């Protein structure tokens, strides 16, 4: 392993019981390129302190707000100061934090959806362009080696001109929640004030959409969405299907649900070109299926010499030794580290501000389409 | 095996190189309840005669038109006469033949789509009601034991109230045809005069739709469809996605394509209720996946005592001995034979005139929705 | 479909509740090349008559013994007479019947194991050579198109020189029987007088062994077997594992069980050469996996132009339309029909007397090896 | 996450290009319960120093031999000193290092095979008993949640009394090496002086054997092995099959190969009892198949409430979010950490000295059985 000075990392959110916090922390550790030095781990300062202690993080790097974090860190020398801050708070808090962090010179890693409005997303995009800071939105699934290989095979023309793209993201976890007032009240994703205008599409549909564009290299032009709140007294979507028009003449669909009872985390994508198809499923992520037009189908797996450079460098173990979602996120953190170090990075090594903006547009346009009774809305 | 007098069967279409002819012939033979005695096997009488000879069918039971078949058969004694005629011609020829056959006292087995217009479908429905004849539309896939089990499990309430239904039917065989003028001219499914107003939805989307209603026991209320001809100079759809509103508050989708390059015959359906989900895939048909809400998922397979009565009686071999599509069609022929014999038949033992009408409505409404720029159309 | 005079077929065994009878009957019907004209369907003559009636077979072609069948049929003209007889009785009755049938000029299709001793097997082999009659032992699984493709790919050198072969055949159906005296007494496969010296290896291990030699084109040299009766009071094996030495330097294994509780009919085979591997599983038979040394793995499926001639001609439907075990057996019946007609037949189009002898040798040697405390025994 | 003082960890081996080093390092980091503080990373001291530098490990904690490591660490205060040392060197070096470490008070984590002789293994076992130190042999695969669940389900009686166990571990990576003198010379696993008496069985067969005993809770009594060096000039096995006699009346088999060309890391195990079966495959590790006798089969997956305590605590993410081999090893490191802290640990939370001894016995007995021409040898 090559020697890198470890990058100083801070967290906004991601406290004691936060799954997403654990995900980012392990991902940051895995390639030994980051050191978590402080943050605002929780809106409750005592919790934040306790969490820091459990991680051997000194108390003086624990802050109560993003503002105090910025002012505290700015007082430190550049080599001690956080270089990058991971923004892991609920959706509605992303914009303000990211804006302040970018403006004061921090690189940012931000959870999706990047913002709750397109306007905010565009503001951040301008800011990234102005500041030249590294910005990553964590569409974690793009870190899987087989997703990266899928992207490369398409770019290389393996399946020819794309004709159809279908992505789905099905979960069942909201099923017991959405009809129970009590449980619903405790679920921030169902609260428009915290989550924004969408639950299901903003939380998971956006991942499916990101995969569509990430893998195909194409840009969706318009969307027609049929969203569903599952229950009259619930305000946000928990299920929906969207039609897409992509590029010049490609059709696509996004199906997403959090009330697909029994499904765990069934994200998948299929892309068909005029020379063949490619299919990938997140729950069995180390398998990429290629359907050529007149040959036996093929299964690509990680760790093999026949893979492209980015996919090849996205595993740490030999073929047949499964890696998982932490490893995928670690690949993204590794891409960000290279960018922060100013190294040349492969396109696709982490999702950027452009991905962030596209995702927010998709959610907003889907909600608009649905409100208008399933009209096409431009993206 | 119980003794049945074998039912005299005639064919319209299904000649020498007809796959669908072979499918119906083997299906009819399998349970030894039918005897193929004659028909109009081809629009070319010489071909028809040659085909009959290859099957040891006497020349005097070979006819040149449906009219001569009817008059010829009517001259025979009831015990010699065809009891049922299978209509296997291209779509546009179904209506006239079926009308005449029903009117003159024949039972009818008819390929899908039953007719090319809703009006014709309703005419046939009235005729079936008036004549009391047995009528079956061959949605072959409903003959698979695991499809029948899926229907029964839903009827029994295993997955609770249905919330979402997704069906897809993806093939790639039109991909090399649709952009080649020569090949296209030789493909009757792409000719509106023979195929009707739809290719892909009329040929395979209709099967996916039929599964949605057959398996769920629910009736779709409206459809919004985005169809695609793949090529400017082609007039009929070769690909499309439809949104469905089903029952009171169920959402669904149908995805169908004949340019999903590399796909063979990928028909599948997933249904999610408020207590679990069920999933089935035609290319691996002897597996039905049940996703309960808080238990390990389950795999049902044919030939096991835990199956419902119709599924249990839909295999001939012990568990683990795969049966296929001929066996599925044979199950449907067996259901029709029981109905002709006047035996009590389980609901679901063969698709009826109601299924036929629903399918035609679905195709017509999808085409209309698409023409109107993806508006909702009632079913 | 080409015109053939239908071959007159007789049955020994295969009566009313016989699964194997149904299997052979449907297989014979499927390609429309056989007509079942009579036989001894049951050891009980009344049952035999009743079964014949249910199949529209005239009473005068129903016999009470193989001797009366032979003398009765010999009185008929050659064109009316059975050309081939399918021997479907329990194991111990095969030898005598087959010997008489071959000697009097009938072609024979015989269930496995062909005989219960090697001596008898060799006698039949001589007889087949002397008489020149067509003889087929029904290793049904060799009729699957993907098994045939596997054989061809190996013959073609796709995986190079073979290094290792593993086959398994696991079922669970004897589990509830073997420890229950009553049920055991009603199971002829556990009765040495009827079944011969082996239950599990004679019934299913033999299929696995046949696949090893059929697919690899190699001949096993010796076997070391560890057999297991599951229960002290049971005399025949219900489970076992055998080591094989094959060809010059190939190692193999056969695992077979009828007390692998929960398994249905899990026959599978994996073969590894110095350039790659091939794997097939009977419960998902329309999939052949190829593992090349440095390329993505491949999945072959039936009905595709890339297949070899025998595999290509072993399906009746387009790719993606599953066929099953009846279709596999029908392919074997079709191969036998061609041989009876004197047509050139591909090697592998049906299992021959050599396969029959090899199977009997394998069972006998395995039993001997086990008796000697797991010594190597030549094959 | 609860607060633990991080455990000071040292490495013997596991240097710059060592996969196993990376595996242990990431596994130790993942649960944030260890800190890697020093070691002998390479037999070349300069490489060792360079590697330490790349990991921000101070130079004064880099040693050139195990002896200097021990004396160096003993000079430090107990709180600074390594508490546990991971022994990651080639096989033949394990014994001496482990003996010295245990004797001087270090806990030990040791790669498999623990030693190259049974005598050495027993010496270490005595030493562990005498010293009371925590000792773990890294059978990594026991860290997978579904392997742990399999063990618990069997202990709970889900499949009744075990009747048959089959395990296999198939790889193809030695195929291009074993016949190439040059490559072979560069592969320490094929050198008896470094690897001990076995390559394939000592490297991977031992994992399969460990799973058999770990999961079943049974102890194998004797083994009969047929090993194969693949090439005359090669001295160690690269392929083999072993028969097992287990407990009172259970039969088993181990199949292992490193010349199963095309296989990546195909470790799997199937266990059949008198009430059902359980199956698991390492290449798709987040799936445990249960085959009950008369019910639909079941699929257990990680992260679900229906799992047992140890399996439940062996994932960090919700259901459907795949974890892999690093996560499995991290679970073992976590178990060791709890043992070092003196917490109550579940049986099965890490493989112990007993597992280490059993593995060495298995390899030695297999080699002996093979040398004697496949005789049974006691374990």
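Every number here is computed from the coordinates shown, using simple stated rules; none is lab data. As the structure is a computational prediction, the values presented were derived from the model and not from experiment. Neighbour counts are summed over all protein chains in view; Cβ atoms, including those assigned to glycine, are modelled from backbone coordinates with ideal geometry.
Mean-square fluctuations from a GNM of chain D, with a 10 angstrom spring cutoff on Cα atoms, peak among D:52, D:78, D:220 at D:78.
Rounded, prolate or oblate, given the Cα gyration tensor of region A:8-88, with a/c below 1.5 counting as rounded? Spell out each step's value before the answer.
On the way: a/c = 1.65, a/b = 1.07, b/c = 1.53.
The shape class here is oblate.
Based only on Cα atoms, what mean projected area does the convex hull of region B:291-379 have, in nm²? Could you put the intermediate results ahead of the total?
Values: hull surface 38.2 nm².
Projected area, direction-averaged: 9.6 nm².
Relative to one another, the C-alpha centroids of region C:48-88 and region C:107-128 are positioned 22 Å apart. Put in line by how crowded their Cβ is, counting other Cβ atoms within 10 Å and starting with the fewest, C:18, D:216 read C:18, D:216.
I'd like the antiparallel share, as a percent to the nearest 5, of DSSP beta bridges with both residues in chain B. Can you show the working numbers first?
Numbers: 39 of 64 bridges.
Close to 60 percent.
Taking every C-alpha pair closer than 8 Å and separated by at least 6 residues, the mean separation divided by the residue count of chain C gives a relative contact order of 20 percent.
Across A:109, A:177, A:353, mean-square fluctuation computed from a Gaussian network of chain A (C-alpha pairs under 10 Å connected) peaks at A:177.
By the count of neighbouring beta-carbon atoms within 10 Å, fewest first, A:30, B:305, C:312 end up ordered B:305, C:312, A:30. Label the protein assembly as shown by shape, choosing from rounded, prolate and oblate, from the square roots a ≥ b ≥ c of the eigenvalues of the Cα gyration tensor; if a/c is under 1.5 it is rounded, and otherwise prolate applies when a/b is larger than b/c, oblate when it is not. Here the protein assembly as shown falls in the oblate category. Only DSSP H runs of four or more residues enter the estimate; each adds -39500 (n - 2.57), and after division by the residues of chain B the mean residue ellipticity at 222 nm equals -10000 deg cm²/dmol.
Within region C:225-375, all pairs of alpha-carbon atoms sorted by distance into 10 Å bins from zero give the percentages 9, 26, 34, 24, 7, 0. Stokes-Einstein diffusion for region D:244-299, with the hydrodynamic radius set to the Kirkwood value over Cα pairs and evaluated at 25 °C in a medium of 0.890 mPa s, equals 186 µm²/s. When C:231, A:323 are sorted by how many other C-beta atoms sit within 10 angstrom of their C-beta, beginning with the fewest, the order is C:231, A:323. Ascending distances from the residue C:179 label point to its copies in the other chains, with the point 7 Å along the Cα-to-beta-carbon line: 4.2, 4.8, 6.4 nm. Region D:361-379 and region B:196-217 have Cα centres spaced 62 Å apart.
Out of every Cα-Cα pair that region B:20-161 contains, those further apart than 18 angstrom amount to 62 percent.
Can you tell me the convex hull volume per residue for chain D, based on C-alpha atoms, in Å³ to the nearest whole number? Display every interim value, and only then the final one.
Details: hull volume 53.0 nm³, N = 379.
Measuring per residue, one finds 140 Å³ for the Cα hull of chain D.
If you take every DSSP beta bridge whose two residues both sit in the protein assembly as shown, what share of them, in percent to the nearest 5, is antiparallel? The answer is about 60 percent antiparallel. Rounded to the nearest whole angstrom, the semi-axes of the ellipsoid equivalent to region D:137-249, taken from the Cα gyration tensor as √(5λ), stand at 32, 15, 11, largest first. Just checking the listed ones, C:205, C:320, C:335: in the Gaussian network model of chain C with Cα springs under 10 Å, the one fluctuating most is C:320. Label-to-label distances for residue A:233 across copies, nearest first, come out at 6.2, 6.4, 8.1 nm, using points 7 Å from Cα in the beta-carbon direction.
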